[in-house]
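Worksheet: one structure, shown below.
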């Protein structure tokens, strides 16, 4: 059972996450989380960072994760036989997704989300029968749990961790020294083959850390929220245009000021590693949900209004090949920036990276439309289904 609305939203999310992910491919990882990682940026760099932070940071991955949760409900509803049989098949799908994700993380990009989706999906499927209200409450509690954990980690950084250790961590992960930059550049370019083992160990550590400190709370919470929003008809486009307009307006009017408040906080503390790494994320942590709901509402308004039919058809095609396009982004970006390809890591500024994003978008839209027209299901989607059987 498929819904065009969900495919369009999935296409928007897949393309949108590249706005942020591209910096993880082309720049030091610290530049992704700290706009002052390399000193005061130029005005154009500030504008690009600010716009990305407002419209993309955590917003599109929030949408994609909601849709993953909604997909669990749709698969369960369309599954023949008893619920226990569906859960057996679903668990098999998630274990294969975990393998896909780990291969992706270890060989291409440590920021992979598929492995975390698989683990959170195994937990979310057991909660699919709960009422929409219970699912929303659980989602809020999970988001609150992440915030509490971040406050505790920040307190540890501020009051318990020795200052020498804090400074060493900051010099590596927050405002890297020239030696750290040179070592990372060599590891990803000229020493690509020789450093394979070290990169894999680092990627596994990053996956474990991100899952334990962030993803288990955010992703599981958004999967549950996605289940609830599908059950009440929001994600499937069953609400009125008036209701979607209200959600869009409320989401932006609530979310944008909160994001700006978080930026102000980080400026007020001078983008201090101890404050900004976790406490500085809390505002966007909550606001990203409101803004994601606004983007969903605007997309559904456009879809229901019958506007821009070609764009919506293109987004639907990208969404139908979501897994293929997600991995394809990593293949293309790593071939541009890493040592097995062009090795251009660290050579692009933020504006040039946005040009790379536009080029990848153009290729993926063209590829998705052609593949859907001539072949049908995406190659990785087909492989995943076949393995899961």
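None of the figures in this text is laboratory data; all of them are computed from the coordinates on show. This structure is a prediction, so every number in the text was calculated from the model and none was measured. As a convention, Cβ positions derive from the backbone with ideal geometry for all residues, glycine included, and neighbour counts pool all protein chains shown.
Observations, loosely collected:
- If R0 is taken as 30 Å, the Cβ-Cβ distance between residue 388 and residue 144 corresponds to a FRET efficiency of 0.30.
- Residue exposure sequence - 289, 140 - by fewest surrounding Cβ within 10 Å: 140, 289
- Against the main long axis of the alpha-carbon atoms of the chain, helix 216-231 sits at an angle near 20°.
- Take every pair of alpha-carbon atoms less than 8 Å apart whose residues are at least six positions apart; their mean separation over the length of the chain yields a relative contact order of 32 percent.
- Subtracting the Cα-Cα distance of residue 45 and residue 349 from their residue separation scaled by 0.36 nm leaves 108.7 nm.
- Rel. contact order, % - alpha carbon contacts under 8 angstrom, at least six apart, the range 209-302: 36
- Peptides 69-76, 91-98, 373-380 ordered by average Cβ neighbours within 10 Å, highest first: 69-76, 91-98, 373-380
- Net lengthening on full extension, residue 183/residue 311 (0.36 nm per residue, minus Cα-Cα): 41.8 nm
- For the pair residue 204 and residue 331, a Förster radius of 25 Å applied to the C-beta separation gives a FRET efficiency near 0.80, rounded to the nearest 0.05.
- Counted residue by residue at 0.36 nm each, then reduced by the alpha carbon distance between them, the extension gain from residue 211 to residue 191 reaches 4.4 nm.
- Label point distance in nm, residue 269-residue 79, each placed 7 Å from Cα along Cα→Cβ: 4.3
- Cα-based helix-to-principal-axis angle, 59-77 vs the chain, degrees rounded to 10: 30
- Choice from 322, 333, 370 with maximal GNM fluctuation in the chain (Cα, 10 Å cutoff): 370
- Annotation: the residues 64, 42, sorted from fewest to most other C-beta atoms within 10 Å of their own C-beta, follow the order 42, 64.
- From helices alone, the chain scores -25000 deg cm²/dmol at 222 nm; the rule is -39500 (n - 2.57) for each run of n ≥ 4 DSSP H residues, then divide by the residue total.
- Per-pair calculated FRET efficiency, R0 = 35 Å: residue 127 and residue 151 via Cβ, rounded to 0.05: 0.85
- C-alpha long axis of helix 4-26 to longest principal axis of the chain, angle in °: 10
- Euclidean distance of C-alpha centroids, the range 87-133 and the range 230-309, integer Å: 25
- Sorted by Cβ neighbour density within 10 Å, fewest at the top, the residues 154, 305: 305, 154
- Options [x] 0.95; [y] 1.20; [z] 0.98 - which one matches Rg/Rh (Cα atoms, Kirkwood Rh) as calculated here: [x]
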